[in-house]
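The values are calculated or read from the model by the stated rules, or taken from the named source; none is laboratory data. This is a predicted model, so every value here is computed, not measured. When we count neighbours, we look across all protein chains shown, and the Cβ atoms used for this are built from the backbone with ideal geometry, even at glycine.
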Amino acid sequence: MLRTAAWRSRLVTALCLLTVGLVGCSPEHYPQTTLLPRGDFARIADDLLDTTVKWALLVFVLVEGVLIYAIFRFRGKPGDPEPHQTHGNTTVEIVWTVIPALILAAIAVPTVRAIFQTNATPAKDALTVEVVGHQWWWEFRYPEYNLTTANELHIPVGRTVSLRMGSADVLHSFWVPQFAAKRDVFANRETRLWFKAEVEGEYPAQCGEFCGIQHARMAYRIKAQKPEEFRAWVAHMQTLGPKASAQSPSAPSKPAATRASAQGVKTASAGGTVQHPGGAQGQAQGTQYATGNQLFMTKGCVGCHSLQAVNAPKGMVGPNLANVGARSYIAAGTLKNTDENLARWIRNPQAIKKGVLMPNLGVSETEAQAPVAFLRAHQ
Amino acid sequence: MATRVLDQHQVQTAAGYGEKTGLWSWITTVDHKRIGVLYGATAFLFFLLGGIEALLIRIQLGSPDNTFLSPERYNELFTMHGTTMIFLAIMPLSAMFFNYMIPLQIGARDVAFPRLNAFSYWVFLLGGLFLNISWLFNAAPDQGWFGYANLTSRQYSPGMNVDFWMLGLQILGIASLAAAVNFFVTIINLRAPGMKLMRMPMFVWMSFITQVLLLLAFPVITVALILLMFDRFFGTHFFVPSGGGDPILWQHLFWIFGHPEVYILILPAFGIISEVLPVFSRKPLFGYAAMVFSGVFIAFLGFGVWSHHMFATGMGPIADTFFALTTMLIAIPTGVKIFNWIGTMWGGSLQFRTPMLFAIGFIAMFIIGGLSGVMHSEPPADLQQTDTYFIVAHFHYVMFGGSIFGITAGAYYWWPKMFGRLLNEGLGKLHFWLMLIGFNVTFFPMHVVGLHGMPRRTYTYPAGLGFETLNRIETVGAFILGLSFLVFLINVVQTWRKPRNAPADPWNGATLEWSIPSPPQEWNFAQIPVVHGRDALWEVKREQGRTALPEPARVSGAGIHMPNPSYWPLVSAIGVTAVFASLMALGHDKAGAWLVVASVALLFFGIYRWAFEPAG
């Protein structure tokens, strides 16, 4: 009796653990989940899945239930006589052909509706973003604002975003699990995807189609912002170009750094001449910045990376760095964007992301501090 | 009674009747049973290799940001795991049963073309070795088993990795096509008198449909691989966008082959459990005709659903709708099969021997794989699921929960027939429970982690996305799964050491293979049987009013005309492999042309001698 009780309490504990485990499976713990739609497209997909899962669970419970019932009910014992030799039953067989057909019809109707909804032309006022997949990073271009950025897609909440997508090399798949779904990108055709974000926040996402050695390290962030925040971001980005007005940075505070970046960009686009930013307090900072700028030119960084968000050249091999200092991650979601990580990356990208197209440039440990300061200033 | 043990006298007599021994007898064999054993043994070794590759993958994914495997090694392992399990394990394990059981079940003395059968095996063996030799060159295929263009182009995959894959698959394709022709003709032409099509055992029916699928699907991948070879070696641009080619063309060609391939992998298992369930329910298969026609229907529809692998390419609403609906349609005949299997058990007297456990496990697991399949027949939902672990979960429930459970049921069921020894029941049941638990612990969490956004084919994942716990559980499950096959190996070794003790008919079988000694003599049937109905052996037993027939005597085969052994199939197979190996040389250096000429000469020499050799 005591043994039974102990066994039962253990069973209850196990069930509790199982339940906790299942609660642990709730979508909030998974920032990349598809089950917590925060956009219209993703909701269509999720609703459709919900409908199907309900039917599937019903079928699962019924069929597995009947199977388990049969296992116990028809368990043979030694010496049993030969069971009745049935060969089939036309009525029963017709019934269990028709019932699945009806269930499928019940899910086919919402499926076809959802297919046409998700293939509809996006709203007229949609914000067009051009998406280009590269081995192994993402380029985002905003033709409406003449802006280019990389690996962090800024979008306004409440306005449909219409993606026109392509690839610079092999196949990739652009995936926005929280707001939409996946769409493959190709070098020889444009594919499209649209969605309207409903909840602001920063969300992780990553490439869906195997695209070579670093497919696993081709992640990006979706930054869904309130319309006014998005407008501010656009306005700020529009200062990061050759036409931006030069200001001298003073303190290494954020706005100052931003101005420094504006100047740095101007310098870079002006043909590589180095200008020392003025200001007494920013002198040390400025020296680092200038050295970094010089290294950026001489080590060949400039051959693959553009520093201007406005009028950025197309066809660059490496990600646009106009606002790299402000990004959450570097190297397409590989490392958190700290000064230390940035230095590690500049010195030895091949050790961190083997096969990445950025070669080891022979930057020494002491040298690395300057480009870090230079890039950090590009907010 | 059913598991009578032969007495020692009979065992010795059996050995006395001229069974050939020695390595040379295996190399030159054209006996379908020996070729079946060779297929089985080779495929099982490849299965273990693929399993080890899977365990390495699971170790790597057991924790986030793991560096146990380098990215390129991981990409090689997932590519080779898939390629190995599909082409070198499941397909040839099915071929083991085709070889061994089709002639026995239809009452024939061998297949229609015994030397072609030997050729198929040797080509398969050499193709498998060719693929795996790539490890020694540190150039194992690394582009995925689906080899999507244009990652496979010379520009993005300059190494020999893709070459090994595309040429290896060509070699294996020749083996599959030759075998398919052989079994197709065998089933059509060599059935015993009275074995009408609608009296054939269900395993023979499903095998027959599989051969048709092979004959129609493999030419497509052959063409695709030739185009790829031209792209890589000779500078064409079929799949290269910068040269005006189209990577989507590859996807269409690949999946027109690739989806029927799924049915090539599962239909034999459908056949196996359609044999096992009636015998251990002591009741005929429920709805025989519906089982045949649902199999035919599945195969037919299997050619009309390929683009459901490509919803994410953005084909537009009309194509999406078409392929969604055809895919959903496949659920109907599949459902019919599942219901008929349960109908077979219903009202029976179920005997829970090891083969039956695996057959029931098959039904239970395949239901789950089928239901998740319906979930990604819906394009908008599939756009979230495709290329995530949800898909990995789905196809392992179909390929492992389906094919491997079915093949394992067949292994335990037919082991006594093939080797004259019954596998240990206790270890068999332990194998079953470990496999069932290990399988579900490994693959069920993949549904969850996939829907929560974990992509496939990634060598690692960062901490913080919530994937850690479930991945650790999956890794533990994978090792339980590995342990289950260790138990199977122990069972095999233990059984091997015992004398042949299996009677001809240990399970009260329904089909002709159980009417002859275990293992059968070279000529199978001293006298070709005459068939009077479905479940031919049950018919005989019923007519004679008994539950078991007397043990058939081993007889001298004097006067029975059997084909001569030959090594020309092996020479020809070496020629085929040499042709593709030399194409690799040619692809990297023009001087390789001489090797191609030499290899083609060897191939023609082998075929010439084969053609003019007296067949016996």
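Side notes on the structure shown:
- Residue match in segment A:167-178 (condition: of a type in the set (A, V, I, L, M) and more than 11 Å from chain B (Cβ to nearest Cβ)): no
- Any chance residue B:571 is outside the structural domain of residue B:127 (by TED's automatic domain parsing) and either in contact with a Lys or Arg (Cβ under 7 Å, 6 or more places away or on another chain) or over 27 Å from residue B:351 (Cβ atoms) (or both): yes
- Verdict on residue A:73 being under 30 Å from residue A:204 (Cα atoms), among the charged types (D, E, K, R) and modelled with pLDDT of 95 or more: no
- For segment A:339-351, the criterion of being within 12 Å of chain B (Cβ to nearest Cβ) and out of contact with any Phe, Trp or Tyr (no Cβ under 8 Å at 6 or more places or on another chain) is satisfied by at least one residue.
- Matching option when the condition is more than 21 Å from the chain's Cα centre (by Cα), more than 19 Å from residue A:107 (Cβ to Cβ), surrounded by fewer than 24 Cβ atoms within 10 Å (Cβ to Cβ) and modelled with pLDDT of 95 or more, among B:352, B:300: B:352
- If you go through segment A:90-119 and keep only what is free of Cβ contacts under 8 Å to residues at least 40 places away in the same chain, over 14 Å from residue B:332 (Cα atoms) and either acidic (Asp, Glu) or assigned to a helix (DSSP H, G or I) (or both), you end up with A:90, A:91, A:92, A:109, A:112, A:113, A:115, A:116.
- Any hit, segment A:140-151, residues being aromatic (Phe, Trp, Tyr) and in contact with a Gly (Cβ under 8 Å, 6 or more places away or on another chain): no
- Residue within segment B:365-385 that is more than 12 Å from chain A (Cβ to nearest Cβ), over 16 Å from the mean Cα position of the chain (by Cα) and either surrounded by fewer than 22 Cβ atoms within 10 Å (Cβ to Cβ) or at pLDDT 95 or above (or both) present: no
- Screening segment B:86-198 for helices (runs of 4 or more DSSP H) wholly inside it with 2 or more residues that are surrounded by fewer than 24 Cβ atoms within 10 Å (Cβ to Cβ) returns the ranges B:114-133, B:161-189.
- Taking the criterion of being over 14 Å from residue A:138 (Cα atoms) and either in contact with a strand residue (DSSP E or B) (Cβ under 9 Å, 6 or more places away or on another chain) or outside the structural domain of residue A:344 (by TED's automatic domain parsing) (or both), the residues of segment A:307-329 that qualify are A:308, A:309, A:310, A:311, A:312, A:313, A:322, A:323, A:326, A:328.
- Residue within segment B:186-193 that is among the charged types (D, E, K, R) and closer than 29 Å to residue B:386 by Cβ present: no
- Filter result for residue A:37 (surrounded by 15 or more Cβ atoms within 10 Å (Cβ to Cβ) and either out of contact with any Leu (no Cβ under 8 Å at 6 or more places or on another chain) or facing chain B (nearest Cβ under 8 Å) (or both)): yes
- Hits in segment B:201-244 - residues which are closer than 16 Å to residue B:149 by Cβ and either outside the structural domain of residue B:174 (by TED's automatic domain parsing) or of a type in the set (Gly, Ala, Ser) (or both): B:224, B:235, B:242, B:243, B:244
- Complete set of residues in segment B:522-548 that are under 26 Å from residue B:35 (Cα atoms) and of a type in the set (Phe, Trp, Tyr): B:523, B:525
- Considering segment A:65-89, and only residues there that are outside any loop (DSSP other than H, G, I, E, B) and at the interface with chain B (Cβ under 7 Å from one of its Cβ atoms), the residue that is farthest from the chain's Cα centre (by Cα) turns out to be A:75.
- Residue within segment B:266-282 that is in contact with a Ser or Thr (Cβ under 6 Å, 6 or more places away or on another chain) and of a type in the set (D, E, K, R) present: yes
- Exactly one residue out of B:531, B:555 is assigned to a loop (DSSP other than H, G, I, E, B), more than 14 Å from chain A (Cβ to nearest Cβ), surrounded by 19 or more Cβ atoms within 10 Å (Cβ to Cβ) and not basic (Lys, Arg), and it is B:531.
- Test result for residue B:538, over 23 Å from residue B:431 (Cβ atoms) and in contact (Cβ under 8 Å) with a residue 40 or more places away in the chain: yes
- Single residue of segment B:447-471 satisfying the filter (more than 9 Å from every other protein chain (Cβ to nearest Cβ) and under 15 Å from residue A:29 (Cβ atoms)) that is surrounded by the most Cβ atoms within 10 Å (Cβ to Cβ): B:471
- Checking each residue in segment B:558-571 for being aliphatic (A, V, I, L, M) and surrounded by 18 or more Cβ atoms within 10 Å (Cβ to Cβ) picks out B:570, B:571.
- Those strands (runs of 3 or more DSSP E) of segment A:147-245 in which at least 3 residues are hydrophobic (A, V, I, L, M, F, W, C), considering only elements entirely within it, cover A:160-167, A:191-196, A:219-225.
- The set of residues in segment B:124-179 being aliphatic (A, V, I, L, M) and within 14 Å of chain A (Cβ to nearest Cβ) consists of B:139, B:140, B:149, B:151, B:162.
Residue-by-condition table, conditions (1) more than 10 Å from every other protein chain (Cβ to nearest Cβ); (2) under 26 Å from residue B:257 (Cβ atoms); (3) of a type in the set (Asp, Glu):
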| site | (1), (2), (3) |
| --- | --- |
| B:289 | no, no, no |
| B:318 | no, yes, no |
| B:324 | no, yes, no |
| B:337 | yes, yes, no |
| B:345 | no, no, no |
| B:353 | yes, no, no |
| B:359 | yes, no, no |
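Table: residues versus (1) assigned to a helix (DSSP H, G or I); (2) without any contact (Cβ under 8 Å) to a residue 24 or more places away in the chain; (3) within 9 Å of chain B (Cβ to nearest Cβ).
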site	(1), (2), (3)
A:43	yes, yes, no
A:46	yes, yes, yes
A:49	yes, yes, yes
A:52	yes, no, yes
A:63	yes, yes, yes
A:121	no, yes, no
